[in-house]
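Q: Below are the structure tokens for one structure; questions will follow.
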Amino acid sequence: MIRHLVHLRFRSDVSEATKQDLYTRLAGLSDHIDGVLDFQSRANVSVETPLVRDFLDMFWMDFRDTAVRDIYLVDPVHQAIGADIVAQLDGGPDGVFVCDIEL
């Protein structure tokens, strides 16, 4: 199984409702792509503020395997949601950090 972790640095003017809408759209990918096993989103509650660098939001998706992850990466629905997320980030693409791990 692959866990796809995404850390986000939203602009300060982005509302919680906007974030939730984006997360709801991402969660919907589990019905769109076979092999997406789970979606979760959370706030970063770390007290190591200098190390956090304002990456205060995150989500992760669990994929059955790397093949599903690779389908997700090129999926046009995912890419459209990703573009909408990047448009809300402080620094655009510099406001996202991605890490995939094997579970």
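The values are calculated or read from the model by the stated rules, or taken from the named source; none is laboratory data. What you see is a predicted model; the values in this text were computed from it and never measured. Counting neighbours? That spans all protein chains shown, and the Cβs are built from the backbone with ideal geometry, glycine included.
Q: Across the stretch 33-54, what is the number of residues that are in contact with a helix residue (DSSP H, G or I) (Cβ under 8 Å, 6 or more places away or on another chain) and on the phi < 0 side of the Ramachandran plot?
A: Within the stretch 33-54, the first condition is being in contact with a helix residue (DSSP H, G or I) (Cβ under 8 Å, 6 or more places away or on another chain), and the residues that meet it are 33-39, 41, 44, 46.
Remaining after also requiring on the phi < 0 side of the Ramachandran plot: 33-34, 36-39, 41, 44, 46.
Within the stretch 33-54, residues that are in contact with a helix residue (DSSP H, G or I) (Cβ under 8 Å, 6 or more places away or on another chain) and on the phi < 0 side of the Ramachandran plot number 9.
Q: Just to be sure before I move on: is residue 17 without any contact (Cβ under 8 Å) to a residue 60 or more places away in the chain and either within 21 Å of residue 75 (Cβ to Cβ) or touching a strand residue (DSSP E or B) at 6+ places or on another chain (Cβ under 7 Å) (or both) in the structure I sent?
A: On the way: without any contact (Cβ under 8 Å) to a residue 60 or more places away in the chain: yes; either within 21 Å of residue 75 (Cβ to Cβ) or touching a strand residue (DSSP E or B) at 6+ places or on another chain (Cβ under 7 Å) (or both): no.
Here the answer is no, as residue 17 does not meet what is asked.
Q: Being within 18 Å of residue 19 (Cβ to Cβ) and either outside any helix (DSSP H, G or I) or touching a Lys or Arg at 6+ places or on another chain (Cβ under 7 Å) (or both) is the filter here, so list the residues in the stretch 80-103 that pass it.
A: Those that are within 18 Å of residue 19 (Cβ to Cβ) and either outside any helix (DSSP H, G or I) or touching a Lys or Arg at 6+ places or on another chain (Cβ under 7 Å) (or both): 81, 87, 88, 89, 90, 91, 95, 96, 97, 98.
Q: OK, next. Does the stretch 55-73 hold any residues that are among the charged types (D, E, K, R) and either under 25 Å from residue 90 (Cβ atoms) or in contact with a helix residue (DSSP H, G or I) (Cβ under 6 Å, 6 or more places away or on another chain) (or both), and which are they?
A: Here is the first cut: in the stretch 55-73, the residues among the charged types (D, E, K, R) are 57, 62, 64-65, 69-70.
The one that is among the charged types (D, E, K, R) and either under 25 Å from residue 90 (Cβ atoms) or in contact with a helix residue (DSSP H, G or I) (Cβ under 6 Å, 6 or more places away or on another chain) (or both): 57.
Q: To continue, here is another question. Checking residue 77 against (1) in a helix (DSSP H, G or I); (2) without any contact (Cβ under 8 Å) to a residue 12 or more places away in the chain; (3) not small (Gly, Ala, Ser), which test does it fail?
A: (2)
Q: Continuing with this model, one more query. Taking the conditions exactly as written (in a loop (DSSP other than H, G, I, E, B), surrounded by 11 or more Cβ atoms within 10 Å (Cβ to Cβ) and in contact with an Asp or Glu (Cβ under 8 Å, 6 or more places away or on another chain)), does residue 38 satisfy them or not? Let's see the steps before the verdict.
A: Details: in a loop (DSSP other than H, G, I, E, B): no; surrounded by 11 or more Cβ atoms within 10 Å (Cβ to Cβ): yes; in contact with an Asp or Glu (Cβ under 8 Å, 6 or more places away or on another chain): yes.
In short, no.
Q: Still on this structure, I have one more. Does the stretch 1-15 hold any residues that are of a type in the set (Asp, Glu) and either part of a strand (DSSP E or B) or under 13 Å from the mean Cα position of the chain (by Cα) (or both), and which are they? Step through it out loud before you land on a result.
A: Of the residues in the stretch 1-15, the ones of a type in the set (Asp, Glu) are 13.
Across the stretch 1-15, there are no qualifying residues.
Q: Does residue 10 meet the test of being under 23 Å from residue 101 (Cα atoms), among the aromatic types (Phe, Trp, Tyr) and at pLDDT 95 or above?
A: Details: under 23 Å from residue 101 (Cα atoms): no; among the aromatic types (Phe, Trp, Tyr): yes; at pLDDT 95 or above: yes.
So residue 10 does not fit the description; no.
Q: Suppose we keep only residues that are acidic (Asp, Glu) and not in a strand (DSSP E or B) within the stretch 41-57. Which one would you say is surrounded by the most Cβ atoms within 10 Å (Cβ to Cβ)?
A: Across the stretch 41-57, the extreme among qualifying residues is 54.
Q: Further question: Which one is surrounded by the most Cβ atoms within 10 Å (Cβ to Cβ) among residues in the stretch 16-35 that are in a loop (DSSP other than H, G, I, E, B) and touching an Asp or Glu at 6+ places or on another chain (Cβ under 9 Å)?
A: Of the stretch 16-35, the ones in a loop (DSSP other than H, G, I, E, B) are 28, 33-35.
With the extra rule that they be touching an Asp or Glu at 6+ places or on another chain (Cβ under 9 Å), the set shrinks to 33, 35.
Working: 33: 18, 35: 16.
The extreme case among them is 33.
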